[in-house]
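To start, the structure itself, in structure tokens.
Throughout, read-outs are computed from the coordinates displayed, never taken from laboratory work. Keep in mind that this is a model prediction, so the values were computed, not measured. So basically every Cβ, Gly included, is an ideal-geometry build from the backbone, and we count neighbours across all protein chains shown.
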Amino acid sequence: MHLPEKNIDKRIDIFNSMFLEEYEQREKSSEKARKKFVSDYSIDVISKMDIWKYVSGLKTSGREKDYKTFCYRIELDLKDMGDFRGVRVPKFGVYYSVQRRKLESDVKRFGADIDIAFENVKKTICTLIQSGENDEYEKILALPLYPTYKYKILSVYYPNKYMCIFSENHVDEFLEALNIQCEKASMLDKQKKLMSWRNNNEKTKQWSNYILVGFLYSCITIPSYEKNRYDEIEEQEEMQDSSVAGYINKYAYSGNLKTDHDYKPKKKPDSFISNGVKVYKRSITTSRNALNIAGYKCERNSEHTSFERKLDNKPYMEPHHLVPMSAQDDFDVSLDVTENIVCLCSNCHNEIHYGVKRKDLIEQLYNNRKNILAMAEINISLDELLKYYDIEE
Ligand SMILES: [Zn+2]
Ligand SMILES: [Zn+2]
């Protein structure tokens, strides 16, 4: 599914403001292990390697003390650079079978004779490393190595030229989501397209391949991944929203509530992390004030009826931040002010989040509020507001 241009842009902003730092830290620590690996395994070392220094599966077998082999390290020490543990062990060409307690080979690719197979595997890996350096795409694609393993080796030796995405299906999903045309291209050409997409955007061009992959997996949906972090942000926002509504309709407040806005800007609220997502604190009192200022009448249509709440027989209404709190990063003043909180009956409140015609509702509320918003120095056009609701013109 294509994502609209504005939506992609918003995801980039969210990634840069919320996740970039974390991924940069991770990259730093995985770079250490990667560099060590590359310096330990030059082409020369690989071509002379003993089979017991190569195969994985030795740790669980208890057979060898020295289980930190080439395969073990590329799979586990470097799992932060792309995890391919889900792929079965024949991916390595030759391997130690823990079940059968013996060396085995991927017969189809390298033949049944272990010694010959291992010589072939080593030769293939050396050719891969050589061809990777020289950008010989056709040669790389023709090598008999298991694709996932092949792309992992390339991204370990040349992290700036090859990406640590090993599934071609995922690459296809990302290209499709970002609306990048790429028919009949090879896996390597597709990777190249993703990298040039990154290079052509001011907000992303400073990303390394590692960061780019982090962005794709955290903020661009892959259907097989149930939820990504972008969806988690929306979910956290809704949770905060409805917990405030529940609270103010349930518990009494002894102070005096405001009957009019302050009509002036306020300082940004503090943020905190909820389920791995940054959210801004919202004041319950401010929301109470907002409902009181609105006279507990639905701001779409004051005729909308609601039930009386048992707390104090006032009509049940829900506060809604017209400019969503998830947009707080983009503003220098607080969005958690009565000027920005509209009072809605619960039907209209649900419609603004889930309705097919919610655009009309948002537009109506915006027109009623824009002057008041401006007094709180929340300056926003209707187009910009719709963007925060993921609505395209
Ligand atoms: Zn809401
Ligand atoms: Zn209503």
Gain on full stretching of the segment that runs from residue 390 to residue 108 - 0.36 nm per residue minus C-alpha separation: 96.6 nm
The chain, helix-only ellipticity at 222 nm - DSSP H runs n ≥ 4, -39,500 (n - 2.57), divided by all residues, nearest 500: -14000 deg cm²/dmol
Label-point separation in nm, residue 29 to residue 310, each point 7 Å along Cα→Cβ: 5.0
Net charge of neighbours whose Cβ lies under 15 Å from the Cβ of residue 210, counting Lys and Arg as +1 and Asp and Glu as -1: +3
Residue with peak Gaussian network fluctuation, the chain [Cα springs, cutoff 10 Å], from 247, 366, 210: 247
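Are any of the pairs 203/268; 35/79; 59/152; 32/139 more than 20 Å apart by Cα-Cα distance, and if so, which?
Distance filter (> 20 Å) returns 203/268; 59/152; 32/139.
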Inter-label distance, nm, simple model (7 Å from Cα along the C-beta direction), residue 208/residue 371: 5.4
Cα gyration tensor shape for segment 17-127, rounded if a/c is under 1.5, else prolate or oblate: prolate
Angstrom value of the Kirkwood radius, inverse mean 1/r, which spans all Cα pairs in the chain: 24.8
Segment 109-144: trypsin sites (Lys or Arg not before Pro) falling in loop per DSSP and having at most 11 other Cβ within 10 Å: none
Integer Hz, Karplus 6.51/-1.76/1.60 couplings in order for segment 88-95, x for Gly and Pro: 4, 4, x, 3, 7, x, 10, 7
Cα centroid of segment 248-310 to Cα centroid of segment 3-43, whole Å: 39
5 Å binning of all Cα-Cα separations within segment 229-388, expressed as whole percents from 0 upward: 1, 9, 18, 23, 22, 16, 8, 2, 0
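Please identify the GluC sites (Glu not before Pro) of segment 34-140 that satisfy two criteria: DSSP loop assignment and at most 16 other Cβ atoms within 10 Å. Which are they?
64, 136
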Centroid-to-centroid separation of segment 355-373 and segment 106-150 [C-alpha atoms, Å]: 60
For the chain, Cys with no neighbouring Cys Cβ under 4.7 Å: 71, 126, 164, 182, 219, 343, 348
Footprinting exposure proxy for 239, 325 (fewest neighbouring C-beta atoms within 10 Å first): 239, 325
Between helix 20-40 and the chain: long-axis angle, C-alpha atoms, 0 to 90°, nearest 10: 10
For segment 123-128, Karplus couplings with θ = phi - 60° (6.51, -1.76, 1.60), whole Hz, Gly/Pro x: 4, 5, 5, 5, 4, 4
Rel. contact order, % - alpha carbon contacts under 8 angstrom, at least six apart, segment 97-219: 16
Where trypsin sites (Lys or Arg not before Pro) fall in DSSP loop in segment 286-393, at most 11 other Cβ within 10 Å: 310, 357
